[in-house]
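Peer 1: My structure is below; once you've seen it, I'll send some questions.
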Amino acid sequence: MGADEEPSPTRKRDRGEEEEERGDEGAAEKRPRAEGASLLGLASYEDDDEEEAARGHANGRRAEEEEEDEDDDDEEDELRRAPERRPRQVELRRDCPYLDTVNRQVLDFDFEKFCSISLSNLNVYACLVCGKYFQGRGLKSHAYTHSLEAGHHVFINLQTEKAYCLPDGYEINDPSLEDIRHVLNPRFTKEQVLNLDKNKQWSRALDGSNYLPGMVGLNNIKETDFVNVTIQSLMRVTPLRNFFLIPENYQHSKSPLVHRFGELTRKIWHARNFKGQVSPHEFLQAVMKASNKRFQIGVQSDPVEFMSWLLNTLHAKLKSSKKKNRSIIHDCFQGELEVVKEVHRKHVMEKREDGDELNGEAGSMVGTADSTVTETSKVPFLMLGLDLPPPPLFKDAMEKNIIPQVPLFNILKKFDGETVTEVVRPSIARMRYRVTRLPKYLILHMRRFTKNNFFVEKNPTLVNFPVKNLELKDYIPLSKPKENDKLRSKYDLIANIVHDGKPGEGCYRVFVQRKSEEAWYEMQDLHVTETLPQMVALSEAYMQIYEQHE
């Protein structure tokens, strides 16, 4: 057939037949109408409608049949898949021939529970032979592969605490693994918690060294001594420690920081550890995340800042709506101050020009040329900052700076309601503070570091303080208690954080008291040594916690 020739009608018909055979109904429908346009006039629209309706019904039926077929297929698939989804029947055996391969020396559950290969934290098992973490125990899992390659057969699930033998896959039910479960997740009964401070017994680690539960060293991962001294100090606060030793008390909280702090508390006070120290690694990871890297591993920070952040964050994560913004943190540390602020009229007028609104009381007091505006308010506090007198600028005859000393009572006068403290920020004002309610545990911090535009200076002034029987009512006028209550103003020191070295460098250590023996210990990261109470008072105190007498 030539290029200019038109295809014959028969050829057209053949193509139409082919289209019909392929099931292309649309194409077959268009063809006769195009060929015989005269037929269009004779066609009945009613017939067309009926045909379309019939076709619609046929399509609907076909779709329904297809759906039914799909449903049947789904049911078949489900039946086929059902055995996989059903929990596998795991054989439970007591007689595992590999239990003697378990090596407790290499087990360390202080680090994050991530698979060492996939870095996943889901369904992680610890190999009890080499101490490494692996994910899963199925046929293609990392733990299964490790059991075949290394010939290590005993694994424990870090979440459920169940032990398994791989590659055989049966669960091991043997009481000899109980001590490992206790180290993985230390538990305390309420009775044990109440008797903790009466325990004078030492515990023995696997390497033969002795340690005191609650007096264990903490690893300094990298410049994390500021965290270690804060944790060691808070461990002496009995109600706080008792609260975190029982996880049921804070199971309503979804904060990882709260649960990691509880876990760390239980590990520090656990009497059956395999080693005489604890690593706060998981807690530090939670701190980095919760503080948006404000506090992180490898960057030295201030324990006063960290203590303030930690207490406020724990309170925010623990508070329950039932108790009107109360938590164990506020029950232990919250007191109340009365603050009287005097601002000179000139500064008030400047404020007003800036557009800041003043309350009615302060506004009504602005009058004469030299008048001052006084504002009185009640402010809750978790710790009190004490100002140290400036050190002498001149050296003595021996060309040495004499380190000055100041009694604690002198710097506590800041809170007697009469001593005036000049402040520059946010505006120049004269402040007077008076303690109106004392907390059960009083945190004091000495402002040793001052920042100027160029560098940080450290004030070396020594503070003389009593270790026992600090009587506050002699120096601070306290409000009279209610009829049934008696005035509790006597305190004993339980923790004293010290800074050694230059500002911005240096390191922190802490003196803490062990209640069962009333002995004092000096703790610096992993080093824990007993010391005399007299030595506690000779150091450059930076932050202290005092406990109120009952």
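Peer 1: What FRET efficiency do you get for Gln548 and Lys140 if R0 is 60 Å and r is their Cβ-Cβ distance, rounded to the nearest 0.05?
Peer 2: About 0.50, to the nearest 0.05.
Peer 1: Between Val193 and Tyr170, what's the calculated FRET efficiency when r is the beta-carbon distance and R0 is 51 Å? Round to 0.05.
Peer 2: Numbers: r = 37 Å, r/R0 = 0.72.
The value I calculate is 0.90.
Peer 1: Between Asn185 and Glu161, what is the label-to-label distance in nm when each label sits 7 Å out along the Cα-to-Cβ direction?
Peer 2: Placing both labels 7 Å along Cα→Cβ, they lie 0.6 nm apart.
Peer 1: For segment 169-237, state which trypsin sites (Lys or Arg not before Pro) are in a DSSP loop and have at most 14 other beta carbons lying within 10 Å of their beta carbon.
Peer 2: Arg187, Lys200, Lys222
Peer 1: Let me ask another. Taking the Cα centre of segment 110-164 as origin and charging only Cβ (+1 Lys, Arg; -1 Asp, Glu), how large is the dipole, in debye to the nearest 20?
Peer 2: I would put it at about 160 debye.
Peer 1: Moving to a separate point now. Express the carbon and sulfur contribution to the solvent-accessible surface of segment 419-550 as a percent, rounded to the nearest whole number, probe 1.4 angstrom.
Peer 2: Reported share for carbon and sulfur atoms: 50 percent.
Peer 1: Using θ = phi - 60° and the Karplus relation 6.51 cos²θ - 1.76 cosθ + 1.60, list the HN-Hα couplings for segment 416-425 in order, rounded to whole Hz, with x at every Gly or Pro.
Peer 2: In residue order, the calculated couplings are 8, x, 10, 5, 8, 10, 7, 10, 9, 10 Hz.
Peer 1: Another one. Which net charge results for the neighbourhood of Ile497, defined as the other residues with beta-carbon distances under 13 angstrom from its beta-carbon, given Lys and Arg at +1 and Asp and Glu at -1?
Peer 2: Within the 13 Å Cβ shell, the charges total -3.
Peer 1: Using modelled backbone amide H atoms (1.01 Å from N, in-plane), which distant-in-sequence or interchain residues come within less than 5 Å of Arg437's amide H?
Peer 2: Glu336
Peer 1: Apply the Karplus curve 6.51 cos²θ - 1.76 cosθ + 1.60, θ = phi - 60°, to the phi angles in segment 114-125 and return the couplings in whole Hz, x for Gly and Pro.
Peer 2: So the J values, rounded to whole Hz, are 10, 5, 6, 10, 8, 6, 8, 9, 9, 6, 9, 10.
Peer 1: Then there's this: Residue separation times 0.36 nm, minus the C-alpha to C-alpha distance between Asp100 and Asp416: what's the value?
Peer 2: Numbers: separation 316, 0.36 × 316 = 113.76 nm, distance 6.72 nm.
In short, 107.0 nm is gained.
The values are calculated or read from the model by the stated rules, or taken from the named source; none is laboratory data. Note that the coordinates shown come from a computational prediction; the quantities given were computed from them, not determined experimentally. We place every Cβ from the backbone using ideal geometry, glycine too, and count neighbours over all the protein chains shown. Ligands, DNA and RNA are excluded from the accessible area calculation, which covers all protein heavy atoms including side chains. Shrake-Rupley method; radii C 1.70, N 1.55, O 1.52, S 1.80 Å.
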